[in-house]
Every structure is written in C-alpha cells, then in structure tokens.
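Engineer: Please find one structure pasted underneath; my questions will follow.
The values are calculated or read from the model by the stated rules, or taken from the named source; none is laboratory data. Treat the numbers as computed from the prediction; the structure is a model and nothing was measured. Neighbour counts are summed over all protein chains in view; Cβ atoms, including those assigned to glycine, are modelled from backbone coordinates with ideal geometry. For the accessible areas, the whole protein counts, side chains as well, though only heavy atoms, and no ligand, DNA or RNA atoms are used. Shrake-Rupley method; radii C 1.70, N 1.55, O 1.52, S 1.80 Å.
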Amino acid sequence: MFRYLLGISFAMMASFAVAATVVDGDTIRLDNSTYRLEGIDAPEYGQKCKTKNGGSWKCGKIATEALVALIEGRFVRCEGNVADDFGRLIAICYADGVDLNQQMIKSGMAWAFRKFSQTYVAEEADARAAGRGIWQADSQTPWDYRAKRWEVAAQKAPDGCPIKGNISRNGRIYHAPWSPWYSRTKISVNKGERWFCDEAEALEAGWRAPYWGR
C-alpha cells in the first residue's frame, strides 16, 4: 500500500517517460507536454559563437545535439508544473537520474539564465573558468541574439509582427526571427499562412515551434 501511495505522489509532482524529443538546446517534449529547462538559456539553433582563435562554430546546433546525446536511450523525467507565457512547463529534467539542466551548463552548452534563476550560477562559473563550449571566447548571449534579430525583422514585417506562420506537410509551424529558416520562409496569405506579433499568439492560433533535435 505504501509503495502504491508513493507512486501516486511521485506521479503528481513529475512527468516521466522512457523517451523524449529535443526541441532545442533548452527545451524538450515529453508525454505531450513541452518543458523549458529551468535556469538555463542555450544558444538558438542557428546561432554561432566565437572560437578562441577568432573563428566561429555552430554553437546552437551543437548545443541541441548535446542535449540529444544526453537523453538518447535513457529514462527521462521532468519535475515542474509552473507554465511560462508560452505554455511550456519550467522544469528540471533528468535522464537516468542525471540533471540535464546542470549538465548543459557544466559542459558549456548553455548560459545560466540569471534573469529568472540563480540555480546553476556555480556550474556556469566552473565552465567559464575551464573555457568549455561557449566560454572559449566572448560570444553573444542568446537573449541578446534574439533581441537583435527581432528588432531587425520587426522593421520589415507587416505591422511590426515578425513571426512567420508557415503551413507545410509537417503541419503549422511558426518561425521566429532567430530561426535558421526564417529568411527562406515565405508567407502566402492565400494559403492560410500568416504573421504573428509574438510566440504566444502563434501557439494560441494552433501553430508550433520547429523541432531541431529528435
């Protein structure tokens, strides 16, 4: 009886599954819910970071692949039931008991999202001191990257609403200005495609963000 009640209690505080889908470097899909990894902000998929010799590397793509590698073939569960403005649950997620949020920070694949959390500040300091990943050189943060892309795109978009709601064989997918496919995506109003002023509006209308991982 105790084990049964313990199981119910655990299920109420956490969602879990054997497999999960990586959306990007700080977001996963699990049990039909989207989880935003609490306390971290990974580079956007199309973002590049600097190398110590003055070059660049595809940090957003590699961060997404790093999260895929962390969960692949492992039992994943997420703890968190508070949703953000986009309906994503803010959570700490685990793969076979390993804190994914923490591992992304420790490996230099994400920044500590200090605006909202101080949870992984110590791990970030360790990664920075070791020059891992994004810390091998001074690179633009993802929040500054998003803000700059948004500012430029909003100047050209109808009514200053730069998110593109595309319809394809994969469904209704919206592309924010930081999407690597943004410039290639054309909007055909006659086909039911449209522009959105923010991600929450796109989600409410039935569009979804693209999945960069697997």
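Engineer: Scan (1) outside any loop (DSSP other than H, G, I, E, B); (2) within 21 Å of Lys61 (Cβ to Cβ); (3) more than 20 Å from the chain's Cα centre (by Cα) for the single condition Asp159 breaks and write down its number.
Structural biologist: All conditions pass for Asp159, except number (2).
Engineer: Which of the residues spanning the stretch 49-60 are free of Cβ contacts under 8 Å to residues at least 24 places away in the same chain, surrounded by 13 or more Cβ atoms within 10 Å (Cβ to Cβ) and assigned to a loop (DSSP other than H, G, I, E, B)?
Structural biologist: Once the filter is applied, which keeps residues that are free of Cβ contacts under 8 Å to residues at least 24 places away in the same chain, surrounded by 13 or more Cβ atoms within 10 Å (Cβ to Cβ) and assigned to a loop (DSSP other than H, G, I, E, B), the stretch 49-60 yields only Lys58.
Engineer: To continue, here is another question. Which residues, taken from the stretch 190-200, are modelled with pLDDT of 95 or more and under 18 Å from Gly160 (Cα atoms)?
Structural biologist: Of everything in the stretch 190-200, those that are modelled with pLDDT of 95 or more and under 18 Å from Gly160 (Cα atoms) turn out to be Glu193, Arg194, Trp195, Phe196, Cys197.
Engineer: Does Ser183 satisfy being under 22 Å from Trp143 (Cα atoms) and free of Cβ contacts under 8 Å to residues at least 12 places away in the same chain?
Structural biologist: yes
Engineer: Let me confirm something: among Arg128, Arg208, which residue is in contact with a helix residue (DSSP H, G or I) (Cβ under 9 Å, 6 or more places away or on another chain), at negative phi and touching a residue at least 24 places away in the same chain (Cβ under 8 Å)?
Structural biologist: Arg208
Engineer: Of all residues in the stretch 144-153, which are surrounded by 12 or more Cβ atoms within 10 Å (Cβ to Cβ) and without any contact (Cβ under 8 Å) to a residue 24 or more places away in the chain?
Structural biologist: Ala147, Lys148
Engineer: Please find, among Ala129, Ala63, Ala122, Ala91, the residue that is part of a helix (DSSP H, G or I), open to solvent by less than 70 Å² (accessible area, probe 1.4 Å) and of a type outside the set (D, E, K, R).
Structural biologist: Going through Ala129, Ala63, Ala122, Ala91 in turn, the sole match is Ala63.
Engineer: State whether the residues of the stretch 76-84 include one that is part of a helix (DSSP H, G or I) and either touching a residue at least 12 places away in the same chain (Cβ under 8 Å) or aromatic (Phe, Trp, Tyr) (or both).
Structural biologist: No - not one qualifying residue is present in the stretch 76-84.
Engineer: If you don't mind, there's one more thing I want to ask. Take the stretch 154-170 and flag every residue that is open to solvent by less than 30 Å² (accessible area, probe 1.4 Å) and β-branched (Val, Ile, Thr).
Structural biologist: Passing the criteria: only Ile163.
Engineer: Here's something else I'd like to know. Do we find that Asp26 is buried (at least 24 other Cβ atoms within 10 Å of the Cβ) and either at pLDDT 95 or above or farther than 14 Å from Thr141 by Cα (or both) in this structure?
Structural biologist: It is true that Asp26 is buried (at least 24 other Cβ atoms within 10 Å of the Cβ) and either at pLDDT 95 or above or farther than 14 Å from Thr141 by Cα (or both).
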